[in-house]
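The values are calculated or read from the model by the stated rules, or taken from the named source; none is laboratory data. The structure presented is a predicted model; accordingly, all values stated were derived computationally and were not measured. Using ideal geometry, Cβ is built from the backbone for each residue, glycine included, and neighbour counts are taken over all protein chains shown. Accessible surface areas use protein heavy atoms only, side chains included; no ligands, DNA or RNA. Shrake-Rupley method; radii C 1.70, N 1.55, O 1.52, S 1.80 Å.
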Amino acid sequence: MSLNISLHTVTAALILSNNGERLYAKYYRPEDPLQQFKTLQQQQKFEKTIYDKVNKLHQDVLLCDNHLVTYKQTNDLILVFVGALQENESMLFSLTANVNEALTILLNNLLDKQSVLEKYDMVCLCLDEAVDDGIILEIDPAVLVSRVTKPPVTSVVPGEMHIDISEKGLFSAFNYATKRISEKLQQGL
Amino acid sequence: MSTQSYKAQDPYSLGSLPDKMAVYQECVQQFNALPVDAKKCRQLLAKMLRLIYHGVTFPAEESTMLFFSISKLFQHKDSSLRQLVYLAIKELSATSQDVLMVTSSIMKDIQLGDLIYKPNAVRSLSKVLDGLTVSSAERLFRNCMVDKNPIVSSAALIASYNLLPVAKDVVKRFANEALETVNSYKQFPSNQFQLHEYYGTSTTNLPSNSYMYQYHALGLLYELKSHDKMSMMKLITSLHEGSSLKNSLSIIQLIRYINRVLHDDPSLITHLYPVLHSFLKHKSDMVELEACKTLTTLQHLVKDDEFMNVILTLQKLLSVPRSATRFAAVRLINKISLKHPEKVLVVNLELENLINDPNRSISTLAITTLLKTFGVGTVESTSSESVDRLILKMTSLMDEITEDFKIVIIEAIESLALKFPSKHKKLVEFLDDLLRDDGSIKLKTAIVEALFDLIKFLPDENAKQLILMNFCEYIEDCEFTLLLVRILHLLGDEGPKTSQPSYYIRHIYNRLVLENSIIRSSAVIALAKFGALCDEPLASNVRTLLTRSLKDVDDEVRDRASVSLRFIDSKQPSLIVNDSRFNLAALEGKLTHYLNNEDNFSTGFQISEVPLLTLDELKSMEYNEKLTQLDNNADGSGSKDKSEKGTPSGNQDASNDDAAANEYLKQQEYAARLAEVEEFVEYGKLTKSTMTPIYLTDRENEFVVTVVKHFFAETNKLVLEYEITNTLSLLVLQDITIDVVPDNEAYEAEYSTKLAELKPQQSGSVYNSFGVPGILEDDVLAALGNTLKYISKDIIDDEGGIDPADEGIQDDYEIEDLEVSAGDFMFPLYKPNFTAIYDLLPEEDSTVVTVSGVSTIENAATKLTKTLSCMALDGTDYVPSDSTSHILKLLAKDLWGGIVAVQVRLALRGAQVVAKIEVKAETEGMAGVVASGAY
């Protein structure tokens, strides 16, 4: 058992759907000799093993193919983080639970396959802000959420006036007005 | 409602994976368009990332084109688009060429850009830089590192960390900045949480700082300082005393560094133990867990009462609500219990509660751990009571868990029964019950194999009989042909030696009547074994039964019956029952060798050259493998997880077989190498070589010398093969010999070789051979003083040439003495009934010695077993770590084929271990050799 002394603690981050299909798969540091899943086939085989086990046993942590796997199941999604066999289970699981929480917030409390695919940009950013190259970058869900930008609301083309008259657009216009008016009122007082 | 139906029609937002070419073309088109449509581009980038994260790779050319197009997006000021652009750049940088071109855009962003994407820019920058261009960004990194925004600071630290492999010299200059960051206090800007509407305006419950930068700075600092032990120590103590680390991850990292420091220098434990101890109680369970893990790996350095604190912390962790933590704790306890089951007795109560844990990995681990601790129950009666209780609990649990878990439990039971034969009865009963329940062939095979091993290795004849009878009942209604055949084979092997063979004959004959042809044919062979080995009138009854099979409908059955009858009638039992088997590794080696060269085909393959293994030898190999395998399974923790049992244990078997095969091949290799030296040909067949070379110098010396002892029993010759490595870079050695002076006058130096030249970093071998006295003639043990003699010449040019005029300097180099010990004349051997063998052996000798170099009974037992090259029997290799006396039973075979049994009584006197060694041997003189050679 060799001690992992580096900051590289996460081997892979995965989001699998309820039929085992990969929605997001990032295997960190492919050039590292410790990374056992270099080719797509190896990765998919590994994901299948995880998927088979996850479905059979409802638990948060398992050992699989000489790796420590922690995961969270929400609706039709499985969020998985993979680490080395000797990694600190509690740490990896905290990461999993917190990223799961951050994603839930980002996707408006609707963490399922459809919203992940719809807001794939935010999901990518969230995972990127959590783990960079196998190094845990941020573990606090509130901070994670605050780091992810929402997509631009409108396709702003300069010189062209754009009015969004959908339900959402009106609602945001209303919110904006409320905010501005209350600010003005406060200033006036 | 309306949005739902809109979404369903939108081809971009949902459904299957987008087409790669379409995405590529649209990306190139849109990114180059003017003006840039931010919303659309972000969508497109998301699609492209989806492809990448799905495993699609863009070829270098396309990737470069994409990369180039994406760089156009830098002109758009929308920060949410830019953030995703940086992620895309990071992902594409690995496959694209010319990534350097975006460097200046990124650097501009870092200096002037929006705070939202500044950290992303910093991290992306490290991906596009190479070793040469790093220095241009040095000042930028430095400024970001000390930035008061914690996220920018973290990004810069990680970027530098990732650049370490390519530009260590540049990153080294950041040490001061990193140190400053570890100790600093940085706060999120007040608008950090305004970005997302979820938080609204209430920021009261939000963290003002997550201190992650401490973790990253500490990681970087270690990489820069790890070579310097003193400054590491300073860093550790100052960080601990100031309690300046607020982040749990950074504390975990600190604990790992302490572990590493202690690994290199165990003497620091007195300073560092209090630090580790303070982390055993922490508000975060991951820190407590890490401290426990570290102290467990350092267990040999920690005093027993201090180690109890670890167990207490683990005990607390066993009952936390988070299953990941419970899992970690029980996994760690299980690991401790492998070596020191007595240490974890205190948590037995918690473990029993965990048996019903909803997480099956946890409950299985709890059971296997409990099984291990029973072996060390201090009072016999209480522990057997708890075995009953555990078995009761397991029986109820067995209905609920999956087969994978059952198999793990079966293995744990088997290993317990093997290690502590006195407890076997209950465990065998449990296995038998399990065998009768429903189950797949995989489960049944696991049970049957466990029982097979118990039959082979349990010393108690009654146990054997019990299992065999259970098998007889089981085959009455076994539905798996494969298993039936294996059981019949075993009954044939073991049945004739039992007290009532007729019982087994009846059951086997029933199969002959009722089952399919495959089973019938193996039943015939099993019966034939009874016929060959049993006395009249049983033998003639068997003949009658076999005669009936001559009229069987299946030709294979008829063939086997008639062949068996012939063999029985010819009174040649060896044709039916074999008591030896070919060494399969050797057979394979010989056959490959034979087939590789067509010249060999002129003569037939000589099967007689392949060594035969007797059943005893086979058993000792298997027993050894079995124990290591069971231990590995338990240890590798990968195997804890039942479901993956299939593959890894398959691999394990393979590697175990390999180990045995390797050992044999190594011996072959030695033999082949020795055969190249003419003088050794007449010495006959190589009997034994030491498996691992013995170092006669430190491994870092100027010259590294190792030696392998080869012994030829037929002619009583000893050949020493010295391997010398020249590690000096500026010296050539010539005329190298080893001067060997035995302290035993009966050793006659016969022949020695000389090595002409050794260039730097080369190694070569020198042989010395001796005639040694026969076992009866004289004292065969000796100590050999060794001196390396050589002429050294300096290297004068770059090609490693030497001055031809240089006469060199004649020099001697003292290396350590080599001992020829009793272990060199023995092979480990396994037999199930040590005491019986011990009493029968004729030769006897005894001695009392102090075992040098060890301070615990446990180490002394391991050392004696190794130096005597024996096998420890009856589970006596297991020594409870707090015991003060122990009896070790060792068995071996000497080079002349005799059995050597050694009984060692070990006792702790102060800091010394005293051993009373009683040896009994078959070969005349051997007992004396062992007694005088043990120390």
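Taking residues in the range B:269-283 that are over 18 Å from B:Ser238 (Cβ atoms), and partners anywhere that are of a type in the set (A, V, I, L, M) and part of a helix (DSSP H, G or I), the pairs with Cβ atoms closer than 7 Å and at least 6 places apart or on different chains are B:Ile269/B:Leu262; B:Ile269/B:Leu301; B:Leu280/B:Ala291; B:Leu280/B:Val310.
Quick check on my filter: what residues within the range B:709-721 are assigned to a strand (DSSP E or B) and touching a residue at least 60 places away in the same chain (Cβ under 8 Å)? Within the range B:709-721, B:Lys709, B:Phe711, B:Leu718, B:Leu720 meet the criteria.
Kindly indicate the residue of the range B:222-243 that is open to solvent by less than 30 Å² (accessible area, probe 1.4 Å), touching a Ser or Thr at 6+ places or on another chain (Cβ under 9 Å) and not aromatic (Phe, Trp, Tyr) and also farthest from B:Ser154 (Cα to Cα) among those meeting that condition. Filtering the range B:222-243 for residues that are open to solvent by less than 30 Å² (accessible area, probe 1.4 Å), touching a Ser or Thr at 6+ places or on another chain (Cβ under 9 Å) and not aromatic (Phe, Trp, Tyr), the one farthest from B:Ser154 (Cα to Cα) comes out as B:Met232. When the range A:30-49 is limited to residues that are at pLDDT below 85 and facing another protein chain (nearest Cβ under 10 Å), the one that is nearest to B:Phe327 (Cα to Cα) turns out to be A:Pro30. Screening B:Phe327 with (1) closer than 28 Å to B:His263 by Cα; (2) open to solvent by 30 Å² or more (accessible area, probe 1.4 Å); (3) not aliphatic (A, V, I, L, M) gives one miss only, at (2). Condition check for A:Glu87 on (1) of a type in the set (D, E, K, R); (2) under 27 Å from B:Met286 (Cα atoms); (3) facing chain B (nearest Cβ under 7 Å): one failure, at (3). Those strands (runs of 3 or more DSSP E) of the range B:822-906 in which 1 or more residues are at negative phi and small (Gly, Ala, Ser) occupy B:843-851, B:885-894. Scanning the range B:911-934 for residues that are surrounded by fewer than 20 Cβ atoms within 10 Å (Cβ to Cβ) and within 15 Å of B:Lys863 (Cα to Cα) yields B:Gln912, B:Val914, B:Lys916.
May I ask you to verify whether B:Ser278 is surrounded by 22 or more Cβ atoms within 10 Å (Cβ to Cβ), of a type in the set (Ser, Thr, Tyr) and in a helix (DSSP H, G or I)? So B:Ser278 fails the test.
Screening B:Leu908, B:Leu873 for residues that are open to solvent by less than 70 Å² (accessible area, probe 1.4 Å), of a type in the set (A, V, I, L, M, F, W, C) and out of contact with any strand residue (DSSP E or B) (no Cβ under 6 Å at 6 or more places or on another chain) leaves exactly one candidate, B:Leu908.
Residues in the range A:12-35 that are closer than 22 Å to B:Asn162 by Cβ and assigned to a loop (DSSP other than H, G, I, E, B): A:Tyr28, A:Arg29, A:Pro30, A:Glu31, A:Asp32, A:Pro33, A:Leu34, A:Gln35. Within the range B:126-153, if we keep just the residues that are at the interface with chain A (Cβ under 10 Å from one of its Cβ atoms) and open to solvent by 10 Å² or more (accessible area, probe 1.4 Å), the residue that is farthest from B:Gln187 (Cα to Cα) turns out to be B:Lys127. Go through (1) open to solvent by less than 50 Å² (accessible area, probe 1.4 Å); (2) touching a Pro at 6+ places or on another chain (Cβ under 8 Å) one by one and return the number of the condition B:Ile568 breaks. For B:Ile568, the exception is condition (2).
For B:Gly377, the conditions (1) at pLDDT below 75; (2) in contact with a Pro (Cβ under 9 Å, 6 or more places away or on another chain) are fulfilled apart from (2).
Taking the numbered list (1) open to solvent by 70 Å² or more (accessible area, probe 1.4 Å); (2) free of Cβ contacts under 8 Å to residues at least 24 places away in the same chain; (3) in contact with a Leu (Cβ under 9 Å, 6 or more places away or on another chain) in turn, B:Gln111 passes all entries but (2). For the range B:91-113, does any single residue satisfy the condition of being under 27 Å from B:Ser184 (Cα atoms), within 11 Å of another protein chain (Cβ to nearest Cβ), assigned to a helix (DSSP H, G or I) and of a type in the set (Val, Ile, Thr)? Looking for residues that are under 27 Å from B:Ser184 (Cα atoms), within 11 Å of another protein chain (Cβ to nearest Cβ), assigned to a helix (DSSP H, G or I) and of a type in the set (Val, Ile, Thr), one finds none in the range B:91-113, hence no. Of all residues in the range B:545-572, those satisfying the criterion of being hydrophobic (A, V, I, L, M, F, W, C), in a helix (DSSP H, G or I) and in contact (Cβ under 8 Å) with a residue 12 or more places away in the chain are B:Leu545, B:Leu546, B:Val557, B:Ala561, B:Leu565, B:Phe567, B:Ile568.
Filter the range B:296-305 down to residues that are in contact with a Leu (Cβ under 8 Å, 6 or more places away or on another chain) and more than 19 Å from B:Phe327 (Cβ to Cβ) and give me whichever is nearest to the other protein chains (Cβ to nearest Cβ). Going through the qualifying residues, I end up with B:Leu298. Screening B:Ile106 against (1) open to solvent by less than 40 Å² (accessible area, probe 1.4 Å); (2) more than 30 Å from B:Cys27 (Cα to Cα); (3) free of Cβ contacts under 8 Å to residues at least 24 places away in the same chain leaves a single unmet condition, (2). Considering the conditions (1) at pLDDT 85 or above; (2) within 13 Å of another protein chain (Cβ to nearest Cβ), B:Ser278 is excluded by exactly one of them, (2). Could you list all residues from the range A:95-107 that are open to solvent by 10 Å² or more (accessible area, probe 1.4 Å) and facing another protein chain (nearest Cβ under 8 Å)? Once the filter is applied, which keeps residues that are open to solvent by 10 Å² or more (accessible area, probe 1.4 Å) and facing another protein chain (nearest Cβ under 8 Å), the range A:95-107 yields only A:Ile105.
Within the range A:50-66, being more than 7 Å from chain B (Cβ to nearest Cβ) and at pLDDT 85 or above holds for A:Ile50, A:Tyr51. Looking at B:Ile258, is it closer than 22 Å to B:His300 by Cβ, within 27 Å of the chain's Cα centre (by Cα) and surrounded by 19 or more Cβ atoms within 10 Å (Cβ to Cβ)? It is true that B:Ile258 is closer than 22 Å to B:His300 by Cβ, within 27 Å of the chain's Cα centre (by Cα) and surrounded by 19 or more Cβ atoms within 10 Å (Cβ to Cβ). Looking at the range A:87-94, is at least one residue in contact (Cβ under 8 Å) with a residue 40 or more places away in the chain, under 30 Å from A:Thr149 (Cβ atoms) and among the hydroxyl-bearing types (Ser, Thr, Tyr)? There is at least one residue in the range A:87-94 that is in contact (Cβ under 8 Å) with a residue 40 or more places away in the chain, under 30 Å from A:Thr149 (Cβ atoms) and among the hydroxyl-bearing types (Ser, Thr, Tyr).
Residues in the range B:24-44 that are open to solvent by 60 Å² or more (accessible area, probe 1.4 Å) and either within 14 Å of another protein chain (Cβ to nearest Cβ) or of a type in the set (Phe, Trp, Tyr) (or both): B:Leu34, B:Pro35, B:Lys39, B:Lys40, B:Gln43. For B:Leu289, the conditions (1) more than 9 Å from chain A (Cβ to nearest Cβ); (2) touching a residue at least 12 places away in the same chain (Cβ under 8 Å); (3) within 27 Å of B:Asn356 (Cα to Cα) are fulfilled apart from (1).
Quick check: is even one residue across the range B:165-176 surrounded by fewer than 15 Cβ atoms within 10 Å (Cβ to Cβ), assigned to a loop (DSSP other than H, G, I, E, B) and charged (D, E, K, R)? There is at least one residue in the range B:165-176 that is surrounded by fewer than 15 Cβ atoms within 10 Å (Cβ to Cβ), assigned to a loop (DSSP other than H, G, I, E, B) and charged (D, E, K, R). The set of residues in the range B:745-768 that are free of Cβ contacts under 8 Å to residues at least 40 places away in the same chain and of a type in the set (Ser, Thr, Tyr) comprises B:Tyr747, B:Ser752.
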